[in-house]
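The structure under discussion appears below in the form of structure tokens.
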Amino acid sequence: MTTKPPLLAAGTPAAEVATDAGLVRALLAEQHPDLAELPVQELAAGWDNAMFRLGDRLVMRLPRRAAAADLIAHEQAWLPQLAARLPLPIPAPL
């Protein structure tokens, strides 16, 4: 018998935005219909983001708090610049 790990660590602040597999599917249907049929599995949630596996190769990260949206935008601006300078693979936002 396997047990599902807890999605939230103790002390994690409450979400300002409710995220679940239904929201992921709705966002995909609206914004990326070519991926909308992939299976969605909730993985974990932290202070700022919730993560969902999308099919076998992708992970979707959604902000749980308003402050996290700015942090994601900052990461998306810097990751490509860092990737060109580092000798290890860096995730590419899609």
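The values are calculated or read from the model by the stated rules, or taken from the named source; none is laboratory data. As the structure is a computational prediction, the values presented were derived from the model and not from experiment. Note that we place each Cβ from the backbone using ideal geometry, even for glycine, and neighbour counts take in every protein chain shown. When the accessible area is computed, the model is the full protein with side chains, heavy atoms only, and any ligands, DNA or RNA have been set aside. Shrake-Rupley method; radii C 1.70, N 1.55, O 1.52, S 1.80 Å.
Mind checking which pairs have a first residue in the range 12-26 that is of a type in the set (Asp, Glu) and a second that is open to solvent by less than 30 Å² (accessible area, probe 1.4 Å), Cβ under 7 Å, 6 or more apart or different chains?
Every condition considered, the pairs that remain are 16/64.
Which one of these is in a strand (DSSP E or B) and without any contact (Cβ under 8 Å) to a residue 12 or more places away in the chain: 51, 60? I'd like the intermediate steps shown before the answer.
Details: 60 fails: without any contact (Cβ under 8 Å) to a residue 12 or more places away in the chain.
Matching residue, one of 51, 60: 51.
How many residues are open to solvent by 70 Å² or more (accessible area, probe 1.4 Å) and touching a strand residue (DSSP E or B) at 6+ places or on another chain (Cβ under 8 Å) if we restrict to the range 72-94?
So the count comes out to 1.
Going by what's in this entry, would residue 53 be described as surrounded by 15 or more Cβ atoms within 10 Å (Cβ to Cβ), at negative phi and among the basic types (Lys, Arg)? Working first, answer last.
Values: surrounded by 15 or more Cβ atoms within 10 Å (Cβ to Cβ): yes; at negative phi: yes; among the basic types (Lys, Arg): yes.
In short, yes.
Against the definition (at negative phi, surrounded by 10 or more Cβ atoms within 10 Å (Cβ to Cβ), under 15 Å from the mean Cα position of the chain (by Cα) and at pLDDT below 90), how does residue 61 come out, yes or no?
Numbers: at negative phi: yes; surrounded by 10 or more Cβ atoms within 10 Å (Cβ to Cβ): yes; under 15 Å from the mean Cα position of the chain (by Cα): yes; at pLDDT below 90: no.
Criteria not met by residue 61.
On the given criteria, is residue 83 under 20 Å from residue 12 (Cα atoms) and among the small types (Gly, Ala, Ser)?
Values: under 20 Å from residue 12 (Cα atoms): no; among the small types (Gly, Ala, Ser): yes.
Answer is no for this residue.
So how many residues does the range 12-48 have that are in a loop (DSSP other than H, G, I, E, B), among the charged types (D, E, K, R) and in contact with a strand residue (DSSP E or B) (Cβ under 9 Å, 6 or more places away or on another chain)? Lay out the reasoning, then the answer.
Pass one, the range 12-48, residues in a loop (DSSP other than H, G, I, E, B): 12-20, 32, 36-39, 46-48.
Of the ones still in play, those that are also among the charged types (D, E, K, R) are 16, 20, 37, 48.
Next, only the ones that are in contact with a strand residue (DSSP E or B) (Cβ under 9 Å, 6 or more places away or on another chain) stay: 16, 20, 48.
Qualifying residue count for the region: 3.
Pick from the range 15-47 the residues that are open to solvent by less than 80 Å² (accessible area, probe 1.4 Å) and modelled with pLDDT under 90: which of them is farthest from residue 70 (Cα to Cα)?
Within the range 15-47, the match that is farthest from residue 70 (Cα to Cα) is 44.
As an exercise: evaluate residue 4 against (1) part of a loop (DSSP other than H, G, I, E, B); (2) basic (Lys, Arg); (3) modelled with pLDDT of 90 or more and give the number of the one condition it does not meet.
Tallying (1) part of a loop (DSSP other than H, G, I, E, B); (2) basic (Lys, Arg); (3) modelled with pLDDT of 90 or more, residue 4 fails exactly one: (3).
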